[in-house]
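These notes are about the structure you will find just below.
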Amino acid sequence: MEVSDMVCPDSFDNHPALLIEHQYAISEPIASIQQLDARLPVLRDLAGSAYIRQEGAGLLIGPYETTAQECQFPGHKPTTGAKAPPAGFGMELFADDLDRITDNLMCAIDLVPSLGQVGFASVVNGPTIWTGDSLPRCGRTRIGGYYDFNSLSYGITHGPPLAEHLAAVMLEGEQPFDLTAECDPLRYGNWATPEYVHAKVLDTYAKNNDVAYGSFENRPAGREHLAKHPLYHALANHKAVFEFGAGVESPAFYQCHDSVEYNPCKLHHHDWAHLALAEAHKVLAGVGFSYASFSKIAVTGPRAAEFLDWATTNKLPIKGRTKLTYALTPAGKINAEFTITKMETNDFYLVGSRAYSDHDTQWLVDLAQSGGFSQVQVKDISDEVDVLHLAGPRTPDLMQALCGGQLEGQGFFSMRTVTTTNQTRFNGFKLSFSGEQGYELHVDRADSVALYDEILRAGSQFGLSHFGNYALNSLRIERGYKIKADLDYAHYSEADIGMFLKKEGDFVGRDDGQVPTRSSKSFHVDTEPGWEWSIPGDSPIRDLDGNNVGVITTAAHGARTNKSVALGYLFAGAPHEDLHVESYGRRWPIEIVQQ
């Protein structure tokens, strides 16, 4: 923290990490260990939430406490944020507190009975640093030439491989493999307040050895400290159950009854599964509303068009039109996906993944500077604009009731600025990530609740329903629409995005001679009942002989087909028949979907 403040104090609004006390106990020598010729492997005691490793002729037990404490340094007042130790603090330790780790030590003795035959020679209590997701901050920052290598919770485990990874970023200008979601310093924006960080880190540390249930678990710690967007309370009144990402609460699904409790800690037979499918079916039959949490980036200034023509893969749209495009690394790997709309000459509006808004914005800033486009301005306006999404066959009827004939004749993938009958102004984009007829209504955040209320009134005559992210995922995946995880840092020749590459002209990373090592595919997966939503990303695809021939990136239960649908990749030379996906100790047959 002190180093980053010294480098550029105005560029670090917060430090999304917390210094906490970590205790470990070292046993007296154990006779059976003294007789060994080889070193014992490290043991993870999940029940006791501790690691156990050899220390000399004894054992060291390092618990992850359920009652962890923030470091309180001598002379410092208690805080709720990452505060550096006082100047001069070096190898000092804190007073031990055995009461906090007694249960962990007893579990260790039950697991390794020889521990109960000796005493503990010492207990050590010192500072360790953690982020809210327990992962390091390793990579670029907002300061050119300054890289973060911080918050390595597992020092010797994280240190050497991440040092090699960061060296590649610094020397070659890009990651050797994608750790953006896991380790990018910019994954924590200014939304990560000290209060959030404090609550989130202590919860994550306490649950370090708990069973994790993936993104569906949606742990709540810290979220109570964050500001909510204006629509949050309006959607909560419609029984929205929210999921969280990049500082934003967005509806995952909607409850039918307030009294029903949903257990998020499940790997299969999810309590919400029938609700998500019902929401998707209502969209397919009529019209549905969802809150779309996208990033919004403005690129303006002299030579903005020239810059974006070089920085992205597709030919730029004409004024009022929208195109899908990609930003690549110098080696041609997909770094970001955007829709791009030309608002005016040298005034462009980019929409992308909200979870990567800070990363993508900084990437464009750095690219403009390194490419000689110093007059181009890149600004993240995600918190200034809300996106209200309508989808389904009755969407045109609703839009007619909402704003009259102002959208009549509007073409697909185009934008018009319109005003509702109650004088609420928004930009209407004729497109939908659901794959159905639809519109995205981009409105100033100050007017989002007013526009939402107007949509409810206009939609009442058309049976307007609400649908969340799970239902949207069900719809988009059947159309083969990719999210960031599906792009998987692939070379553009591998990701099936050929229709979004301009035929002439250069762009960053262009190398049409690259030989693909894998190819993007869509699959149907034959799971057992109750497991339709339960195929995690990175699940391996295997052939009859058990060889790993591909990987799943995302999956969901498709509402149109009533099948589990997955996106992913097959490696070059892989067979296209007799394949299965392996997950949770199960093997599910898969077949390639021709699109």
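The values are calculated or read from the model by the stated rules, or taken from the named source; none is laboratory data. Not measured: the values here are computed from a predicted model. Cβ atoms come from the backbone with ideal geometry, glycine included; neighbour counts cover every protein chain shown. Ligands, DNA and RNA are excluded from the accessible area calculation, which covers all protein heavy atoms including side chains. Shrake-Rupley method; radii C 1.70, N 1.55, O 1.52, S 1.80 Å.
Spot the failing condition for TRP310; the list is (1) over 20 Å from ASN473 (Cα atoms); (2) open to solvent by 60 Å² or more (accessible area, probe 1.4 Å); (3) assigned to a loop (DSSP other than H, G, I, E, B); (4) modelled with pLDDT of 95 or more, and only one is missed.
(3)
Has region 317-332 got at least one residue that is free of Cβ contacts under 8 Å to residues at least 24 places away in the same chain and among the polar types (S, T, N, Q)?
Looking for residues that are free of Cβ contacts under 8 Å to residues at least 24 places away in the same chain and among the polar types (S, T, N, Q), one finds none in region 317-332, hence no.
Consider ASP210 against the criteria (1) part of a loop (DSSP other than H, G, I, E, B); (2) in contact with a helix residue (DSSP H, G or I) (Cβ under 9 Å, 6 or more places away or on another chain): it satisfies all of them except one. Which criterion is unmet?
(2)
Among the residues of region 564-580, is any without any contact (Cβ under 8 Å) to a residue 60 or more places away in the chain, surrounded by fewer than 20 Cβ atoms within 10 Å (Cβ to Cβ) and under 27 Å from ALA285 (Cβ atoms)?
no
Within the set of pairs 6 or more residues apart or between chains, which connect a residue that is within 15 Å of TYR64 (Cβ to Cβ) and part of a loop (DSSP other than H, G, I, E, B) inside region 150-161 to a residue that is open to solvent by 40 Å² or more (accessible area, probe 1.4 Å) and modelled with pLDDT of 90 or more with Cβ atoms less than 8 Å apart?
As it stands, the answer is SER153/ILE129; SER153/LEU135, since those pairs meet every condition given.
Go through (1) under 22 Å from the mean Cα position of the chain (by Cα); (2) assigned to a helix (DSSP H, G or I); (3) closer than 25 Å to TRP533 by Cβ for GLU224 and report which single condition fails.
(3)
Mind listing whichever residues of region 189-230 are without any contact (Cβ under 8 Å) to a residue 60 or more places away in the chain and touching a strand residue (DSSP E or B) at 6+ places or on another chain (Cβ under 7 Å)?
ASN218, ARG223, LYS228, listed by residue number.
Go through (1) at pLDDT 95 or above; (2) open to solvent by 50 Å² or more (accessible area, probe 1.4 Å); (3) under 17 Å from the mean Cα position of the chain (by Cα) one by one and return the number of the condition ALA355 breaks.
Only one criterion in (1) at pLDDT 95 or above; (2) open to solvent by 50 Å² or more (accessible area, probe 1.4 Å); (3) under 17 Å from the mean Cα position of the chain (by Cα) is unmet by ALA355, namely (1).
Just one of (1) in a loop (DSSP other than H, G, I, E, B); (2) touching a strand residue (DSSP E or B) at 6+ places or on another chain (Cβ under 8 Å) trips up THR553, so point out which.
(1)
Out of VAL241, VAL201, which single residue is outside any strand (DSSP E or B), on the phi < 0 side of the Ramachandran plot and more than 17 Å from the chain's Cα centre (by Cα)?
VAL201
What number goes with the only condition from (1) open to solvent by 40 Å² or more (accessible area, probe 1.4 Å); (2) in a loop (DSSP other than H, G, I, E, B) that PRO86 does not pass?
Only one criterion in (1) open to solvent by 40 Å² or more (accessible area, probe 1.4 Å); (2) in a loop (DSSP other than H, G, I, E, B) is unmet by PRO86, namely (1).
Tell me, which residue of region 422-478 that is open to solvent by 50 Å² or more (accessible area, probe 1.4 Å) and assigned to a strand (DSSP E or B) is nearest to LEU231 (Cα to Cα)?
It comes out as ASP444.
I'd like to check something: does region 153-168 contain any residue that is among the charged types (D, E, K, R), open to solvent by 30 Å² or more (accessible area, probe 1.4 Å) and modelled with pLDDT of 95 or more?
Taking every residue of region 153-168 in turn, at least one turns out to be among the charged types (D, E, K, R), open to solvent by 30 Å² or more (accessible area, probe 1.4 Å) and modelled with pLDDT of 95 or more.
Which residues, counting only those in region 132-149, are open to solvent by 40 Å² or more (accessible area, probe 1.4 Å) and part of a strand (DSSP E or B)?
Result: ARG140, TYR147, PHE149.
Which ones in region 274-290 are over 20 Å from ILE455 (Cα atoms) and touching a His at 6+ places or on another chain (Cβ under 8 Å)?
Across region 274-290, the qualifying residues are ALA276, LEU277.
Does PHE412 satisfy the condition of being more than 28 Å from the chain's Cα centre (by Cα) and open to solvent by 40 Å² or more (accessible area, probe 1.4 Å)?
Numbers: more than 28 Å from the chain's Cα centre (by Cα): yes; open to solvent by 40 Å² or more (accessible area, probe 1.4 Å): yes.
Yes; evaluated as a whole, the condition is true for this residue.
For LEU231, only one of the following conditions fails: (1) surrounded by 18 or more Cβ atoms within 10 Å (Cβ to Cβ); (2) of a type in the set (A, V, I, L, M, F, W, C); (3) under 21 Å from the mean Cα position of the chain (by Cα). What is its number?
(3)
May I ask you to verify whether THR66 is surrounded by 15 or more Cβ atoms within 10 Å (Cβ to Cβ), among the polar types (S, T, N, Q), in contact with a Ser or Thr (Cβ under 8 Å, 6 or more places away or on another chain) and assigned to a strand (DSSP E or B)?
Here the answer is no, as THR66 does not meet what is asked.
If we keep just the residues of region 497-526 that are in a loop (DSSP other than H, G, I, E, B) and within 22 Å of ARG542 (Cβ to Cβ), which is least open to solvent (accessible area, probe 1.4 Å)?
Kept after step one, since they are in a loop (DSSP other than H, G, I, E, B), are these residues of region 497-526: 497, 501-517, 526.
From what is left, the residues that are within 22 Å of ARG542 (Cβ to Cβ) are 516-517, 526.
On the way: PRO516: 59, THR517: 86, ASP526: 100 Å².
So, considering only residues that are in a loop (DSSP other than H, G, I, E, B) and within 22 Å of ARG542 (Cβ to Cβ), the one least open to solvent (accessible area, probe 1.4 Å) is PRO516.
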